[in-house]
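Presented below is the structure to which this report refers.
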Amino acid sequence: MIDFNSTGFVKLSPWDGQQAFEELAGVLLPGEQVLLAFKGMRDSVTFTDRRLVALNVQGMTGKKKDYTSLPYSKIQAFSVETAGAWDRDSELELWFSGLGRVKFNFASGVDVRGLNVLVSERLL
């Protein structure tokens with residue numbers, strides 16, 4: 001499992017949903033659909049219609065990969081922080097039952113209000 005306290009998902013930028021689907025093909029359930037995907041240098045987070053999948057690529061070659069499934073049903077609270085004039089990054093924080101806080105930082109230009117709507121639709 002990814003240690004979200006020491007490893008941050010920083011500067012995530014929009015990622016093509018088809019590429020995310022292909023990367024996660026062995027992990028996704030039959031019929032599970034990719035809704036949104038974001039990728040950093042090597043790591044990614046994908047929002048499906050059932051869960052979030054955080055992918056942590058490890059090692060020098062990148063062959064070792066950690067896939068962490070975060071079900072929407074375990075989210076207890078969430079928060080978004082939009083970009084400002086000086087701080088151009090935006091953030092999504094999720095609090096999971098039994099796991100604690102998970103924080104994703106997005107590159108400038110990512111509108112986290114859309115993520116707020118997506119998470120709201122899954123929870124409320």
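Once the stretch 83-109 is narrowed to residues that are polar (S, T, N, Q) and assigned to a loop (DSSP other than H, G, I, E, B), the residue that is modelled with the lowest pLDDT is Ser108.
Taking the stated definitions as given, is Ser69 out of contact with any Lys or Arg (no Cβ under 9 Å at 6 or more places or on another chain) and polar (S, T, N, Q)? Answer is no for this residue.
Do we find that Leu94 is surrounded by 11 or more Cβ atoms within 10 Å (Cβ to Cβ), of a type in the set (A, V, I, L, M), touching a residue at least 60 places away in the same chain (Cβ under 8 Å) and more than 15 Å from Asp43 (Cβ to Cβ) in this structure? Considered against the rule, which asks whether it is surrounded by 11 or more Cβ atoms within 10 Å (Cβ to Cβ), of a type in the set (A, V, I, L, M), touching a residue at least 60 places away in the same chain (Cβ under 8 Å) and more than 15 Å from Asp43 (Cβ to Cβ), Leu94 comes out as no. Restricting to the stretch 7-55, and then to whatever is of a type in the set (S, T, N, Q) and within 11 Å of the chain's Cα centre (by Cα), can you tell me which residue is farthest from Ile75 (Cα to Cα)? By that ranking, first place goes to Ser13.
Take the stretch 53-68 and flag every residue that is free of Cβ contacts under 8 Å to residues at least 24 places away in the same chain and assigned to a strand (DSSP E or B). Listed by number, the residues that qualify are Val57, Gln58, Lys64, Lys65.
Select from the stretch 17-26 the residues that are part of a loop (DSSP other than H, G, I, E, B) and surrounded by fewer than 16 Cβ atoms within 10 Å (Cβ to Cβ) and list them in ascending order. Answer for the stretch 17-26, where residues must be part of a loop (DSSP other than H, G, I, E, B) and surrounded by fewer than 16 Cβ atoms within 10 Å (Cβ to Cβ): Ala25, Gly26.
Looking at Val112, Val80, Val45, Val119, which is the one that is among the β-branched types (Val, Ile, Thr) and at pLDDT below 90?
Being among the β-branched types (Val, Ile, Thr) and at pLDDT below 90 holds for just one of Val112, Val80, Val45, Val119, which is Val112.
Applying the criterion of being touching a residue at least 40 places away in the same chain (Cβ under 8 Å) and farther than 17 Å from Leu12 by Cβ to the residues of the stretch 97-119, the residue that is surrounded by the fewest Cβ atoms within 10 Å (Cβ to Cβ) is Gly100. Scan the stretch 41-52 for residues that are within 24 Å of Ser120 (Cα to Cα) and assigned to a loop (DSSP other than H, G, I, E, B) and the total you get is 2.
The values are calculated or read from the model by the stated rules, or taken from the named source; none is laboratory data. From a predicted model like this one, the values you see are computed outputs, not experimental measurements. Counting neighbours? That spans all protein chains shown, and the Cβs are built from the backbone with ideal geometry, glycine included.
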